[in-house]
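> Below you'll find the structure I mean.
Nothing in this text is a laboratory measurement; each read-out follows from the coordinates by a stated rule. A quick note: this is a predicted structure, and the numbers were derived from the prediction, not measured. Neighbour counts are summed over all protein chains in view; Cβ atoms, including those assigned to glycine, are modelled from backbone coordinates with ideal geometry.
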Amino acid sequence: MKLSRRSLIGLALAGSAATLTRPAFAALTESGVRRLAFHNLHTGESLVSTYWSGGRYVAEELHNIDRVLRDFRTGEMKPMDPRLMDLLHVLQKNLDTREPFQVISGYRSPGTNEMLRHASDGVAASSLHTVGQAIDIRVPGRGLSAVRRAAMALQQGGVGYYPKSDFVHVDTGRVRFW
Ligand SMILES: [Zn+2]
């Protein structure tokens, strides 16, 4: 399944009416701005992005986010799901932090995912990382279990807990926990 930026934004907007009725996402209003900060631990790159402003997603900012979340092994970048950014934005608010998300893994090309799948147990064949719908993160100053709890409370997608590797996986797929 290949999703273009246009179709991802379409999906995000189509889902927003239902999304907004959920208490966990009450923080998402049409007015105001939505801001995210990232620090990619593999590339050392940092980004602060106001990706929502004036009642809409800002395409150039989403593109900047795609770049910092690219497959660092191959340099490939793909459009990341804007709903994943909204999920992170609310997660950040609920954790009461403005620290940048530390990024362990964002977009993964199918080739990279296949390589990782053979190298470790925790990598799915049809990983949502390969369609821009998943990210592995840490939050400075917040315990991993607190991040996991806050992500699960959103009820907005998958949440995976990887204490040995010290990260939490969140995605915009079905609501499920592991
Ligand atoms: Zn992951």
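> Looking only at helices (runs of 4 or more DSSP H) that lie completely in region 61-178, which have at least 1 residues being closer than 22 Å to L8 by Cβ, away from the ligand (no atom under 15 Å from the Cβ) and basic (K, R)?
Passing ranges, in order: 82-94.
> Could you tell me whether region 130-142 includes any residue that is of a type in the set (S, T, Y) and closer than 18 Å to V68 by Cβ?
The answer is yes, given that some residue of region 130-142 is of a type in the set (S, T, Y) and closer than 18 Å to V68 by Cβ.
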